[in-house]
1. Do we find a residue being over 20 Å from Leu37 (Cα atoms) and loosely packed, with under 11 Cβ neighbours inside 10 Å anywhere in region 59-78?
2. Name the residues in region 65-88 that are of a type in the set (Phe, Trp, Tyr) and over 20 Å from Val111 (Cβ atoms), would you?
3. Look at region 83-95 and say how many of its residues are loosely packed, with under 12 Cβ neighbours inside 10 Å and within 14 Å of the chain's Cα centre (by Cα).
4. Could you please find all residues in region 96-117 being out of contact with any Asp or Glu (no Cβ under 7 Å at 6 or more places or on another chain) and either open to solvent by less than 50 Å² (accessible area, probe 1.4 Å) or assigned to a strand (DSSP E or B) (or both)?
5. For region 71-95, how many residues meet the condition of being over 20 Å from Lys49 (Cα atoms) and outside any loop (DSSP other than H, G, I, E, B)?
Amino acid sequence: MQRWHGKRLFFVLLLFSVPLFMAKCGDKGVSISPPGLAAPADITADAGKERVTLTWSPIPGATSYNIYYATSSSVSKENGTKIANLSGGPYTVRPLSNKTPYYFRVTAVNVGGESGD
């Protein structure tokens with residue numbers, strides 16, 4: 001009788017622990033990069049009149065790319081203007097204001113999510 005009770009208790013704990021674990025994984029406070037997906041690191045910028053053309057090498061496993069830009073050097077996913085779902089580089093960002101410094105971040109995206117900054 002005690003053996004049955006022990007198995008039943010384990011089953012009940014298992015049912016309750018799975019939803020709690022899933023809720024923790026989905027918490028917006030946790031930043032998880034998709035496994036093996038890195039942000040492009042070899043970005044080049046070619047500035048012109050009211051535009052900047054960004055070029056980067058493809059990241060293995062990426063299905064698209066996002067560009068974030070701002071006039072602050074602390075540009076991030078949270079505070080930058082987002083250009084989404086790009087198939088790759090080069091990409092020309094326009095219109096921009098001449099004599100204004102712009103800062104850029106490029107991230108890689110796949111079915112697992114978006115790479116970190």
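The values are calculated or read from the model by the stated rules, or taken from the named source; none is laboratory data. All values derive from a computational prediction rather than experimental measurement. Don't worry about glycine lacking a Cβ; one is built from the backbone with ideal geometry, like all the others, and counts go over all protein chains shown. The protein model used for the area step is the full one, side chains on, heavy atoms only, and it has no ligands, DNA or RNA in it. Shrake-Rupley method; radii C 1.70, N 1.55, O 1.52, S 1.80 Å.
1. Yes, that holds for at least one residue.
2. Narrowing region 65-88 to residues of a type in the set (Phe, Trp, Tyr): 65, 68-69.
Once the filter is applied, which keeps residues that are of a type in the set (Phe, Trp, Tyr) and over 20 Å from Val111 (Cβ atoms), region 65-88 yields Tyr68, Tyr69.
3. 1
4. Tyr103, Phe104, Val106, Ala108, Val109, Asn110, Gly113, Glu114, Ser115, Gly116 - these are the residues of region 96-117 that are out of contact with any Asp or Glu (no Cβ under 7 Å at 6 or more places or on another chain) and either open to solvent by less than 50 Å² (accessible area, probe 1.4 Å) or assigned to a strand (DSSP E or B) (or both).
5. Residues meeting the conditions: 4.
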